[in-house]
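Here is the structure we will look at.
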Amino acid sequence: MSLQTPLYNLNDFPDVYEPSEDTHLFIDALEKDMKHIINSKPTLACEIGCGSGVLIAALAKILKSTCCYFCTDINPKACIATTRTAKMNKVPLECTRMDLTTNLKCKFDIILFNPPYVLTEELEIFGCGLNRAFAGGLRGRSVTDRLLNNLNDILSDNGVCYLLLLKENNIGEIGEKMGEKGFKIKLVIQRKIPGEHLFVYKFSKA
Ligand SMILES: C[S@@+](CC[C@H](N)C(=O)[O-])C[C@H]1O[C@@H](n2cnc3c(N)ncnc32)[C@H](O)[C@@H]1O
């Protein structure tokens, strides 16, 4: 089964990240890993930084009503846009404005995160508008590292976290650090686009 990009409409949301090459690579990763996703029978899913909401809606196309869907975004407009996307695609989900998953006290079976990965000054990671979609701070890892440092606490024992990374994020170092913490890391898909080499990795507890 091929996984189409879910319907969305960002006409009233100039401050919300428009699905782009990275988003489409992520959807392709979900499509490629679909069998594994279905066979692992996740019941609790969370997309962090949902933006338009197309990734969580794509996941819901795979898992349908076998799973509960949550998402978060630091940008309140993204939460409204995601709720609209959910309605357009008939996906029941809860979307809340928050930093990562700070206020959610549960462990997820599947986590999706296409983070702000562009290398920028740390000072650019402020506010809650469109800059938060891109600005990743030094090495583009400021937000990603915060998630990875906390991953053990928010991922269930058999859970999987799908994460988009840029070559310049120093993936080797991430792999080493997460390996030391007992995580298994596997490349799902990669793609070179003009100016960027993007990867989607999955992290699971070994
Ligand atoms: C690259 S965009 C991805 C949007 C969407 N998931 C997609 O793939 O098209 C990154 C998203 O993460 C959100 N974000 C950035 N920092 C965040 C944080 N600390 N907590 C939650 N969301 C965050 C941004 O507002 C933005 O919507």
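The values are calculated or read from the model by the stated rules, or taken from the named source; none is laboratory data. All of these numbers come straight from a predicted model, not from anything done at the bench. As a convention, Cβ positions derive from the backbone with ideal geometry for all residues, glycine included, and neighbour counts pool all protein chains shown. Calculation scope for accessible area: heavy atoms of the full protein, side chains included, ligands and nucleic acids excluded. Shrake-Rupley method; radii C 1.70, N 1.55, O 1.52, S 1.80 Å.
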Strands (runs of 3 or more DSSP E) fully within segment 1-114 counting 1 or more residues that are closer than 18 Å to Tyr162 by Cα: 44-48, 68-73, 108-113
Scanning segment 115-129 for residues that are part of a loop (DSSP other than H, G, I, E, B) and either more than 16 Å from the chain's Cα centre (by Cα) or at pLDDT below 95 (or both) gives Leu119, Thr120, Glu121, Ile125, Phe126, Gly127, Cys128, Gly129
Output the number of the condition that Pro92 fails; it satisfies all remaining conditions of (1) open to solvent by 60 Å² or more (accessible area, probe 1.4 Å); (2) within 15 Å of the ligand (Cβ to nearest atom). (2)
Would it be correct to say that Cys128 is farther than 21 Å from Lys177 by Cα, surrounded by fewer than 16 Cβ atoms within 10 Å (Cβ to Cβ) and more than 14 Å from the ligand (Cβ to nearest atom)? no
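Per-residue answers, yes or no, for (1) touching an Asp or Glu at 6+ places or on another chain (Cβ under 7 Å); (2) closer than 30 Å to Lys77 by Cβ:
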site: Gly129; (1), (2): yes, yes
site: Arg132; (1), (2): no, yes
site: Gly140; (1), (2): yes, yes
site: Arg146; (1), (2): no, yes
site: Cys161; (1), (2): no, yes
site: Leu164; (1), (2): yes, yes
site: Gly182; (1), (2): no, no
site: Ile185; (1), (2): no, no
Residue pairs, Cβ under 9 Å, 6 or more apart or interchain, first in segment 132-144 and more than 11 Å from the ligand (Cβ to nearest atom), second β-branched (Val, Ile, Thr) and open to solvent by less than 10 Å² (accessible area, probe 1.4 Å). List them. Arg141/Ile174
Look at Asn103 and say whether it is near the ligand (Cβ under 10 Å from one of its atoms) and either out of contact with any Ser or Thr (no Cβ under 8 Å at 6 or more places or on another chain) or more than 14 Å from Asn75 (Cα to Cα) (or both). no
Considering only segment 7-51, state which residues are of a type in the set (Val, Ile, Thr), within 17 Å of Tyr69 (Cα to Cα), crowded, with 17+ Cβ neighbours inside 10 Å and more than 14 Å from the chain's Cα centre (by Cα). Ile37
Here is a check on your reading of the model: is Ser65 surrounded by fewer than 19 Cβ atoms within 10 Å (Cβ to Cβ), modelled with pLDDT of 95 or more and not charged (D, E, K, R)? yes
